[in-house]
1. Mind listing whichever residues of the range 138-159 are surrounded by fewer than 24 Cβ atoms within 10 Å (Cβ to Cβ), assigned to a helix (DSSP H, G or I) and not polar (S, T, N, Q)?
2. Go through K320, K267 for me and flag whichever is of a type in the set (K, R) and at pLDDT 95 or above.
3. Quick one: what pairs do we get from the range 46-60, first residue in a loop (DSSP other than H, G, I, E, B), second buried (at least 22 other Cβ atoms within 10 Å of the Cβ), C-beta under 6 Å, 6+ apart or different chains?
4. So if I check each of I68, I60, which one is outside the structural domain of Q249 (by TED's automatic domain parsing), at pLDDT 90 or above and surrounded by 13 or more Cβ atoms within 10 Å (Cβ to Cβ)?
5. Residues that are polar (S, T, N, Q), more than 17 Å from K264 (Cα to Cα), surrounded by fewer than 17 Cβ atoms within 10 Å (Cβ to Cβ) and in contact (Cβ under 8 Å) with a residue 60 or more places away in the chain: does the range 82-102 have at least one?
6. Of the residues I177, I104, I182, only one is within 30 Å of N244 (Cα to Cα), not in a helix (DSSP H, G or I) and not basic (K, R); which?
Amino acid sequence: MQITSSSSTLGLVTALSFVLLLFSNPAVMAHTFSENENALFLTLISKTKAETQLVAQDAINNTQQAQIHAKAALGLLIQQDPVVNTTWTSQISELNPRVTADLIKSLNDLQNSVTTPASKSNSSSIQQKVANVNNLLDEAATVRISSNLLNNPKTQALVLANLANEIYNNYGKALGISQSTIASMGGMKTTGMNMNTATNSSSTSKGMSGMNMGAGRSSSGAMSGMNSMSGQAAMNQNNSSIKNMTAYQSTQALASMAQQTFNKNFKPVAPSNTTSSTTTIGKYIDDLKNAVNNKSPFTGVMEIVHVKLHPTLITAYNLKLG
C-alpha cells in the first residue's frame, strides 16, 4: 500500500509541477496557428496517408480496424471541412477533376478491398492500392499548390506544427481522456474554426484542431480540468493504458508522418542559418514518436508538443498564433 500511495503522490506532484510551468512561463502554452490553406491541405494529405498506411498494416490480422481506417481516409477528403467551408475534393476538382475522380475511386476501391474475407490473403494487392492512393495524393498537392509554396520552409513548419497538434489530440483520445478535458488542461480552450476573409492568394485562415490558452483562466481552472479526468493515472503513469486502439494507431501513424515530413519536406528547404533550430526540431519530433510508441504519460507528450516543439517552430519561423 505504501508503494501505491507513493506513486500516487509522485503523479500528483508531477501534475502540479506541470501546471506551475504552464502559468509561470507565458511561452509555455498550447497553440492554434494563423495559417493558410496550403498548410491545411498538406496536413490533410499527411493525415490521409497515415490512415491508408494503417489499412495496409491491419488488412491481414485485423480487418475491422482496417475498415475503420479506410473509411476515415475517404472521409477526410469528402466531408465538409469547417475551416474552408467546402470539401477538399471540391477544391482539387476546380484545378483537376481527373485527379479528384481517380482519388475517390481509389479510396473507395481500397475500402471495398478490406470488407471481404479475401483481403486477408490479398496483402500485396492492398499494398499496391495504398501506394496508388498516396501517388494520387502527391499529385493533388502539386496540382493545388505551386512549387515555391510547397517548398517554402514556413509552410512546412506549419504542417509540422499541425501534425503535432493532431498527435497530441489523438493520443489523449487513445488514453480515454475526453476532448473537453484535453481542451481544459492548463486553462486551454478549443478555438473556433472560422475562415477569415482572404487577404492574399493563400487565403489566410484561422483555426485548427490545436488548442489555445484561454484568456483570464486561473490555475484553479487548470486543476479543475485535470481533476475531471477519468483517472489521474492517465496523466502521469508510465506505460499508459490504451483505451481506444483506433486512435492510438492513428497517433502512431501521424508521428511517423511527422518524421517523414521533417526529413523529406522540411529539412531539405530549411534555411542554412537555422541549422541549430532544425536539429532541435528533428530531435523533438523523434522524441514525440518515441513517447507515443512507448505509451508515455500524456503530460510527457503534451510537454514535447506545447513546451518544446511548438515554441521552437514559432521562434525559428515567426509563426503567428490564431
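The values are calculated or read from the model by the stated rules, or taken from the named source; none is laboratory data. Since we're looking at a predicted model, the values are computed, not measured. Positions of Cβ are backbone-derived with ideal geometry, glycine not excepted, and every protein chain shown enters the neighbour counts.
1. D138, E139, A141, V143, R144, L149, L150, P153, K154
2. Result: K267 is the single residue among K320, K267 that is of a type in the set (K, R) and at pLDDT 95 or above.
3. Partner pairs satisfying both residue conditions: A59/A66; A59/V114; A59/I126.
4. After ruling out the rest, the residue left standing is I68.
5. yes
6. That would be I177, the only listed residue that is within 30 Å of N244 (Cα to Cα), not in a helix (DSSP H, G or I) and not basic (K, R).
For every residue, the table says whether it meets (1) more than 22 Å from the chain's Cα centre (by Cα); (2) modelled with pLDDT of 95 or more.
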site	(1), (2)
N132	yes, yes
N135	no, yes
S146	yes, no
N151	no, no
N165	no, no
N169	no, no
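Listed here are the residues, each with its yes/no results for (1) in the same structural domain as N170 (by TED's automatic domain parsing); (2) assigned to a helix (DSSP H, G or I); (3) exposed (fewer than 15 other Cβ atoms within 10 Å of the Cβ).
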{"position": "S250", "(1), (2), (3)": "yes, yes, no"}
{"position": "A253", "(1), (2), (3)": "yes, yes, no"}
{"position": "Q259", "(1), (2), (3)": "yes, yes, no"}
{"position": "K264", "(1), (2), (3)": "yes, yes, yes"}
{"position": "T275", "(1), (2), (3)": "yes, yes, yes"}
{"position": "G282", "(1), (2), (3)": "yes, yes, no"}
{"position": "K295", "(1), (2), (3)": "yes, no, no"}
{"position": "V301", "(1), (2), (3)": "yes, yes, no"}
{"position": "T312", "(1), (2), (3)": "yes, yes, no"}
